[in-house]
1. I'm told residue 222 meets every condition in (1) farther than 30 Å from residue 141 by Cα; (2) part of a helix (DSSP H, G or I) except one. Can you identify the failing condition by its number?
2. Output yes when any residue across region 31-48 is more than 16 Å from ligand 1 (Cβ to nearest atom), more than 14 Å from residue 178 (Cβ to Cβ), modelled with pLDDT of 95 or more and not hydroxyl-bearing (Ser, Thr, Tyr), and no when none is.
3. Name the pairs: first residue in region 135-146 and of a type in the set (D, E, K, R), second residue modelled with pLDDT of 95 or more and in a loop (DSSP other than H, G, I, E, B), Cβ to Cβ under 8 Å, at least 6 apart or on different chains?
4. Could you say which residue among 259, 226 is without any contact (Cβ under 8 Å) to a residue 24 or more places away in the chain and either of a type outside the set (Gly, Ala, Ser) or closer than 30 Å to residue 19 by Cβ (or both)?
5. When you go through 50, 38 one by one, which is the residue that is more than 16 Å from ligand 2 (Cβ to nearest atom), surrounded by 15 or more Cβ atoms within 10 Å (Cβ to Cβ) and not charged (D, E, K, R)?
6. Taking region 115-171 only, how many residues are of a type in the set (Phe, Trp, Tyr) and either within 18 Å of the chain's Cα centre (by Cα) or within 25 Å of residue 99 (Cβ to Cβ) (or both)?
7. Might you check whether a residue that is away from ligand 1 (no atom under 16 Å from the Cβ), small (Gly, Ala, Ser) and in contact with a Cys (Cβ under 9 Å, 6 or more places away or on another chain) occurs anywhere in region 92-113?
8. Given (1) in a loop (DSSP other than H, G, I, E, B); (2) farther than 25 Å from residue 121 by Cα, where does residue 106 come up short, assuming only one miss?
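The values are calculated or read from the model by the stated rules, or taken from the named source; none is laboratory data. Predicted model only: the values in this text are computed from it and were never measured. Positions of Cβ are backbone-derived with ideal geometry, glycine not excepted, and every protein chain shown enters the neighbour counts.
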Amino acid sequence: MSHYQSDEQAPLVIARNVHKSYGENEVLKGIDLDVRPGEVVVILGPSGSGKSTFLRCINHLEDIDRGSIMVGGEQIGYVLHGSRLHKLPEKAIARQRRNIGMVFQQFNLYPHMTVLQNIVEAPVGVHKESRQAAEKYARELLEKVGLSDKANAYPRHLSGGQQQRVAIARALAIKPKLMLFDEPTSALDPELVGEVLAAMRDLAQQGLTMIVVTHEIGFAREAADRVVFMDGGYVVEQGTADEVLVNPQHPRTQAFLSRFI
Ligand code: ADP
Ligand code: MG
């Protein structure tokens, strides 16, 4: 659990009435969600419920059709001129994305680069930080995820769990205020899931603000300050891990969780 829960703090993420359609298919039907600084929010829900789409809207990999998403006090992707919203130029959106790290199911490290090169690629190549400073920080991150000895290894020589931990370090290298995880352990062999969840639990304890889509109920129970259950493009239910996982109120939450018992 994080140590930064205080109601006086403004939420880092404020999503209001977020709607998103693909053609005729309305995937998000009015999502509301607040995430306070330091909070770990786990999103659960069946396949197709809109979880990935919602995460992709938060860092503006998708346009939203209606509603708003604020991160760190800025509306993501848009700016208000008078009473009208205008889409921000790509450059401004890229700047907003610097505050948001994302880890996907498929870690997609650059195969021709070492672990260290993978991690410093964005800070040095894109954000023009000094290589020396970026490498120093990359080594700190590798230590955090338990891979200090792998800085010069190539991804193909690492296990899936190690590669995913590198991907986490890579996402952290831009010093994001918010981390999004989209089923980070779903592509891993079962015996490798634990090491990735342990690294994420450490980050949670250090006060990183995280939104985690996962089917790992154990992780939700141990690390989540709040659990959100999504189904059919809605937030059906949310609360503490105990409230949602032990004593779910909504029949759809109950039906979903019954699969895990
Ligand atoms: P989840 O992550 O909860 O499994 P998704 O957000 O991936 O759900 O998908 C929700 C719905 O949106 C699904 O019906 C999916 O087919 C549809 N969808 C997702 N991405 C796209 C896309 N790029 N184009 C069209 N439909 C999409
Ligand atoms: Mg998904």
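1. (1)
2. So far as region 31-48 goes, yes, one or more of its residues are more than 16 Å from ligand 1 (Cβ to nearest atom), more than 14 Å from residue 178 (Cβ to Cβ), modelled with pLDDT of 95 or more and not hydroxyl-bearing (Ser, Thr, Tyr).
3. 139/151
4. Criteria check complete, one pass: 259.
5. None of the other options fit; the residue is 38.
6. 1
7. No, region 92-113 contains no residue that is away from ligand 1 (no atom under 16 Å from the Cβ), small (Gly, Ala, Ser) and in contact with a Cys (Cβ under 9 Å, 6 or more places away or on another chain).
8. Tallying (1) in a loop (DSSP other than H, G, I, E, B); (2) farther than 25 Å from residue 121 by Cα, residue 106 fails exactly one: (2).
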